[in-house]
Amino acid sequence: MTDLLSAEDIKKAVGAFSAAESFNYKKFFEMVGLKKKSPEDVKKVFHILDKDQSGFIEEEELKFVLKGFTPEGRDLSDKETKALLAAGDKDGDGKIGAD
């Protein structure tokens, strides 16, 4: 992940949401530097987070999204996971595609 994003930005972003129920995906993606990245780089990050390489990030993978950025990241709660899924699942199929 540090090939695409600053290790310092990752550390700050993951640390900012270390408390349970504090995760805000919009702020996190901004803090980690994804908002400034090209669509190609965002897709590279997506493929890193897509652990089973299915082409989709499913709910179970979202729970561990912070650990995808750094092993020190915490697991998201069920509530946080569902909120992130709802934000990214545009067609309601229960998973997030790269687009």
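The values are calculated or read from the model by the stated rules, or taken from the named source; none is laboratory data. Since the structure is predicted, the reported quantities are computational estimates derived from the model, not experimental observations. Positions of Cβ are generated from backbone atoms using ideal geometry, with glycine treated the same way; all protein chains shown enter the neighbour counts. Only protein heavy atoms, including side chains, enter the accessible area calculation; ligands, DNA and RNA are left aside. Shrake-Rupley method; radii C 1.70, N 1.55, O 1.52, S 1.80 Å.
Listing for the model above:
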| item | result |
| --- | --- |
| Separation in nanometres of the label points that stand 7 Å from Cα toward Cβ, at Met1 and Lys67 | 1.2 |
| Those residues of the stretch 74-97 whose amide nitrogen sits under 18 Å from the label point placed on Glu59, 7 Å along Cα→Cβ | 75-97 |
| Per residue, in Å², the accessible surface of the chain once ligands and nucleic acids are set aside, probe 1.4 Å | 60 |
| For the stretch 54-61, 3J(HN,Hα) per residue [Karplus equation, 6.51 cos²θ - 1.76 cosθ + 1.60, θ = phi - 60°, Hz, x = Gly/Pro] | 7, x, 9, 9, 8, 3, 4, 6 |
| Radius of gyration and maximum dimension Dmax of the stretch 7-60, Cα, Å | 12.1, 31 |
| With every protein chain in place, the chain: carbon and sulfur % of accessible area (1.4 Å) | 53 |
| Alpha carbon convex hull of the chain, projected area averaged over orientations, nm² | 5.7 |
| J(HN,Hα) series, the stretch 37-45, from Karplus relation 6.51 cos²θ - 1.76 cosθ + 1.60, nearest Hz, glycine and proline x | 8, 5, x, 5, 5, 4, 5, 5, 5 |
